[in-house]
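Below you'll find the structure, written out as structure tokens, and then a few comments.
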Amino acid sequence: MTPSRGSFNSRTATRVVRGVAVAAVLALSLAACAGTDDAKVGADGAAASFGDASIQFSWIKNAEFMGEYIADKNGYFTEAGLDSVDMIEGPASIEAAVISGNADIGIGNAISTGTIIANEGAPLKIIGATYQKNPFTILSLADNGNIATLDDLKGKTIGVQASNLSLWEAFLKVNDIDESSLTTLPVQYDPTPLFNGEVDGWFSYLTNESIDAELKGLGPVNLPLADFGLPFVAETLTVTDDAIRNDREKLKALLVAEIRGWTDAINDPDTAAKLTVDTYGPTFDLTIEKETRQAEIQSSDLVVSADTVANGLFSISRELQQQSIDTLAATGLTITAGQLFDMTLLDEVYAENPDLLAYSK
């Protein structure tokens with residue numbers, strides 16, 4: 001059975017990177033991440049070689065990372081000057097992997113990475129975002145709960161995982177919802193209690209449990225957090241400050257290949273889903289029906305926006321950066337956009353490769 005994906009911290013294992021563990025990782029970060037950008041373009045104009053690279057996924061190899069699979073399958077990483085790219089499956093803390101030097105890039109979300117920076121002073125930055133929209137939702141069913149508006153929450157029982165409580169509480173706070181007006185029920189990650197009618201709503205992921213309900217013919221109804229006070233970018237690309245300084249060209253090469261892969265995936269989600277099921281995720285009991293729906297939803301609702309059409313995939317507008325900062329503030333954390341984001345690499349990538357802007361919806 002494919003694991004549930006609707007978890008604020010199980011997705012990124014934020015709580016794994018704390019206390020003594022975080023201190024140990026941070027102590028090693030300078031040595032583990034240090035390096036110099038020796039691979040430059042030669043005097044004869046020949047393409048640079050950046051050696052091997054690695055990308056840490058926060059979740060299993062499903063369609064969530066379909067752009068990376070296509071970049072690998074179509075040789076875009078190789079064409080960008082990389083000998084090989086190891087795509088490391090999760091669940092995992094992408095922040096720990098990047099800080100320790102086990103991964104060049106980690107794919108996570110702005111809230112978990114911002115939490116680690118704010119609480120631990122982690123030397124990390126987000127350099128781009130695949131999802132322009134927070135994918136978390138309160139899922140209900142047409143015949144059970146039918147929660148389509150904030151008013152519909154009144155008197156309802158909502159299943160919330162322990163790792164999601166801080167985000168849930170922030171959602172209630174920003175929408176001025178009295179906790180006593182509803183019931184918050186501690187649950188695990190299997191949404192069967194919702195499907196069986198034991199609860200009215202479920203803290204979920206738009207591209208996971210909601211699709212499960214759809215494929216079961218249960219009539220999913222979503223209350224997306226992004227539309228109700230908690231917008232933030234997700235599937236964010238996180239790197240170390242040291243890599244930005246010393247491995248800049250390598251990171252830019254990775255971005256070029258990633259953009260090309262995601263452009264192809266968006267233009268052909270069916271092929272991306274088939275590649276996911278047949279080649280990259282066969283050990284995870286994936287179904288072509290669910291992966292195709294995830295690929296379609298990502299392509300139409302999460303990855304492409306007016307900003308990305310104008311400025312390129314992975315762009316994070318100043319407005320979106322501030323929205324992510326405001327969401328972190330709603331959870332009780334103080335951090336600035338400059339501490340969390342560095343968009344200079346992406347700006348350079350598009351300036352040096354204007355053809356990458358050719359994508360249009």
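The values are calculated or read from the model by the stated rules, or taken from the named source; none is laboratory data. Predicted model, so just to flag it, every value in this text is computed and none were measured. Here Cβ is always computed from backbone atoms with ideal geometry, including for glycine, and neighbour counts include all displayed protein chains. Calculation scope for accessible area: heavy atoms of the full protein, side chains included, ligands and nucleic acids excluded. Shrake-Rupley method; radii C 1.70, N 1.55, O 1.52, S 1.80 Å.
Here are the numbers for the structure shown:
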item	result
Which listed residue, of 103, 129, 110, is open to solvent by less than 10 Å² (accessible area, probe 1.4 Å), over 27 Å from residue 183 (Cβ atoms), without any contact (Cβ under 8 Å) to a residue 60 or more places away in the chain and of a type in the set (A, V, I, L, M, F, W, C)	103
Residue satisfying condition, being surrounded by fewer than 18 Cβ atoms within 10 Å (Cβ to Cβ) and at pLDDT 90 or above, within set 210, 204, 180	180
Residue in segment 81-98 that is assigned to a loop (DSSP other than H, G, I, E, B), farther than 22 Å from residue 327 by Cα and polar (S, T, N, Q) present	no
Segment 179-209 - residue that is of a type in the set (Asp, Glu) and part of a helix (DSSP H, G or I) and, of those, farthest from residue 141 (Cα to Cα)	179
Matching option when the condition is within 30 Å of residue 173 (Cβ to Cβ), assigned to a helix (DSSP H, G or I) and out of contact with any strand residue (DSSP E or B) (no Cβ under 6 Å at 6 or more places or on another chain), among 212, 264, 278	212
In segment 159-194, residue farthest from residue 210 (Cα to Cα) [restricted to those that are out of contact with any helix residue (DSSP H, G or I) (no Cβ under 8 Å at 6 or more places or on another chain) and among the β-branched types (Val, Ile, Thr)]	183
Residue satisfying all of: in segment 85-100; in contact (Cβ under 8 Å) with a residue 60 or more places away in the chain and farther than 16 Å from residue 236 by Cβ; most open to solvent (accessible area, probe 1.4 Å) among these	91
Residue 247 vs. criteria acidic (Asp, Glu), open to solvent by less than 50 Å² (accessible area, probe 1.4 Å), at pLDDT 95 or above and in contact with a helix residue (DSSP H, G or I) (Cβ under 6 Å, 6 or more places away or on another chain)	no
Which numbered condition residue 137 fails, given (1) touching a helix residue (DSSP H, G or I) at 6+ places or on another chain (Cβ under 8 Å); (2) part of a helix (DSSP H, G or I); (3) touching a residue at least 12 places away in the same chain (Cβ under 8 Å)	(2)
Residue match in segment 170-178 (condition: within 20 Å of residue 143 (Cα to Cα) and among the polar types (S, T, N, Q))	no
Cross-chain or 6+ apart pairs with Cβ under 6 Å, segment 142-154 first and open to solvent by 60 Å² or more (accessible area, probe 1.4 Å), then among the hydrophobic types (A, V, I, L, M, F, W, C)	146/221
From 165, 225, 185, residue being buried (at least 18 other Cβ atoms within 10 Å of the Cβ) and of a type outside the set (Ser, Thr, Tyr)	225
Unique match (being surrounded by fewer than 15 Cβ atoms within 10 Å (Cβ to Cβ) and in a helix (DSSP H, G or I)) among 338, 332	338
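Yes/no per residue for (1) within 30 Å of residue 242 (Cα to Cα); (2) at pLDDT 95 or above:
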| site | (1), (2) |
| --- | --- |
| 266 | no, yes |
| 285 | no, no |
| 294 | no, yes |
| 325 | yes, yes |
| 355 | yes, no |
| 361 | no, no |
